[in-house]
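The values are calculated or read from the model by the stated rules, or taken from the named source; none is laboratory data. None of the values given here were measured: they were computed from a predicted structure. Cβ sites come from the backbone with ideal geometry, for glycine too, and all protein chains shown count toward neighbours.
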Amino acid sequence: MVYFNTSELLKKNGHEVLYFSTHGPNNDHTDYTDYFVSNGDIRELSIAGRIKRSPSYLFNRKAARNIEKLVIDFKPDIAHVHIFYAELSVSILKTLKKLNIPVIHTVHDYRLLCPVTNFIDNAGKVCELCTDRHFAHCLQKRCSEGKISQSAMVMLEAYFWKYFINPVDYIDHFIFVSNFSKEKHISSNSAFAGKSSQVYNFTNIPRTTESAGRGEYFLYFGRLSAEKGIENLLKAFSQKSQFRLKIAGTGKLREMVEQYARNNTNIEYCGFMTGNALKDLIRKSSFVVVPSVCFENNPMTIIEAYCLGKPVIGSDLGGIPEIVYHGKNGFLFNHDDPESLASALEEASGKSNEEYKYLSDSAIKSAAEKFDPEIHYRKLIEMYQNLINGNPERN
């Protein structure tokens, strides 16, 4: 979503945007599709298939050739990279460096520090062992979906980066979408210092200018997976049957959600929703709940809620406390404690209509101050220009 939001923002302001990606069934058509590469999801391969794919997983020569052809044909001023690992690989970074194209990278997760991207082990607990750069921890704990072969692949990638082609050496500037992520990376690897900025995400959802009315239910929308705190969310609402919860999304814990919905009349599963239907669901809610048990960076869920005037109840992990201010635009709770979440629900529900209006107004103000597209654009262009002007090979 951020990838497309950014490209649309740039095009809106008169810039030509080229695309480079992998082929996929959900791709939008572009004029650059012929340059894309086909790899497939390594998680869907057999062990033998993963072994066969491992060379291109670590260094995709076809991706390197194709991005070189794209650069030669269109001569871009700068490359803005989002997710490069796995299917594209570090090969594209090395090629861009060879061609003297400045590279800026928006860091969406923790893959540069953690082989499984989110500091969550196979038991669903926060784990930072690999910050010592001994990535065998990942294999020992089977951190990648509990699978030895899959954990081995991401471990090998991490060691390949460590000893052969370190992405940090080939990226000119990093954009971190939360201060938490920025500081986490710098404290783990000083190479990030001096070439890092923090810029929050934004959304193209039009921001409301008036406080939202108080809805009749709490809302969770997003991926239904363990690191999102779904189990704690369901436990809290099963204890607080006087509060209604609606859940929109899909994922590995869908069956658990459906089971709770069958057994608890106050919990409703709405399935996967998007577009205007999702916006309408948000508008009619009272609070949006973000119960993550992982180090979230800058959740789009919160940004979208604020744009629609909805305060947020969020866990106290990662970048969430940077943008959810307890008692101002929402409430915080202990991420590993369903009772703490239940207490936050009580506190939120106990607010008067006047107090709710204050929370809603503060949410809208937060959206305007932190997540405005034009503010994002100005910061982005300043970074682009600094990199372009600072590269004598491009002048």
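Based on this model, can you work out whether ALA248 counts as small (Gly, Ala, Ser) and closer than 30 Å to GLU382 by Cβ?
Values: small (Gly, Ala, Ser): yes; closer than 30 Å to GLU382 by Cβ: no.
So ALA248 does not fit the description; no.
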So which pairs qualify, if the first residue must be in segment 157-178 and in contact (Cβ under 8 Å) with a residue 60 or more places away in the chain and assigned by TED's automatic domain parsing to the domain that holds ALA86, the second must be of a type in the set (D, E, K, R) and part of a helix (DSSP H, G or I), the Cβ gap must be under 7 Å, and the two must be at least 6 apart or on different chains?
-> ILE165/LYS94; TYR170/LYS94; TYR170/LYS97; PHE176/LYS182; SER178/GLU322
Return only the number of the condition from (1) out of contact with any Ser or Thr (no Cβ under 6 Å at 6 or more places or on another chain); (2) over 17 Å from TYR57 (Cβ atoms) that LYS182 does not satisfy.
-> (1)
Scan segment 354-380 for residues that are touching a residue at least 12 places away in the same chain (Cβ under 8 Å), of a type in the set (Asp, Glu) and within 14 Å of GLY327 (Cβ to Cβ) and jot them down.
-> ASP361
Among residues of segment 229-250 being small (Gly, Ala, Ser) and not in a helix (DSSP H, G or I), the residue nearest to CYS294 (Cα to Cα) is GLY229
Identify all residues within segment 74-91 that are over 16 Å from the mean Cα position of the chain (by Cα), in contact (Cβ under 8 Å) with a residue 24 or more places away in the chain and assigned to a loop (DSSP other than H, G, I, E, B); write none if there are none.
-> PRO76, ASP77, ILE78, ALA86, GLU87, LEU88, VAL90
Is it true that VAL71 is in contact (Cβ under 8 Å) with a residue 24 or more places away in the chain, hydrophobic (A, V, I, L, M, F, W, C), buried (at least 17 other Cβ atoms within 10 Å of the Cβ) and not in a helix (DSSP H, G or I)?
-> no
Identify the residue in segment 104-148 that is of a type in the set (Gly, Ala, Ser) and surrounded by fewer than 18 Cβ atoms within 10 Å (Cβ to Cβ) and, among all such residues, is farthest from ASP336 (Cα to Cα).
-> ALA136
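Which residue out of PHE243, PHE221 is crowded, with 19+ Cβ neighbours inside 10 Å, out of contact with any His (no Cβ under 9 Å at 6 or more places or on another chain) and over 16 Å from ALA348 (Cβ atoms)? If you could, list the steps in order and put the result at the bottom.
Working: PHE243 fails: over 16 Å from ALA348 (Cβ atoms).
Every option except PHE221 fails the conditions.
Yes/no per residue for (1) among the small types (Gly, Ala, Ser); (2) at pLDDT below 95; (3) assigned to a loop (DSSP other than H, G, I, E, B):
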| site | (1), (2), (3) |
| --- | --- |
| GLU216 | no, yes, yes |
| GLU227 | no, yes, no |
| LYS252 | no, yes, yes |
| GLU268 | no, no, no |
Those residues of segment 188-213 which are surrounded by fewer than 15 Cβ atoms within 10 Å (Cβ to Cβ) and polar (S, T, N, Q), in sequence order = SER190, ASN204, THR209
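Say whether the condition of being closer than 27 Å to VAL116 by Cα, of a type in the set (A, V, I, L, M) and within 19 Å of the chain's Cα centre (by Cα) is met by at least one residue in segment 217-229.
Within segment 217-229 (the criterion being closer than 27 Å to VAL116 by Cα, of a type in the set (A, V, I, L, M) and within 19 Å of the chain's Cα centre (by Cα)), the answer is yes, since at least one residue qualifies.
What helices (runs of 4 or more DSSP H), lying completely within segment 305-374, carry at least 1 residues that are within 26 Å of GLY275 (Cα to Cα) and at pLDDT 95 or above?
Details: elements: 320-323, 338-349, 353-370.
So the answer is 320-323, 353-370.
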Contact list, first residue from segment 183-198 and touching a residue at least 24 places away in the same chain (Cβ under 8 Å) and over 14 Å from HIS105 (Cα atoms), second anywhere and hydroxyl-bearing (Ser, Thr, Tyr) and assigned to a helix (DSSP H, G or I), beta-carbon distance below 8 Å, six or more apart or interchain, is SER188/THR131
Odd one out for PRO115, checked against (1) closer than 25 Å to LYS184 by Cα; (2) touching a strand residue (DSSP E or B) at 6+ places or on another chain (Cβ under 7 Å) = (2)
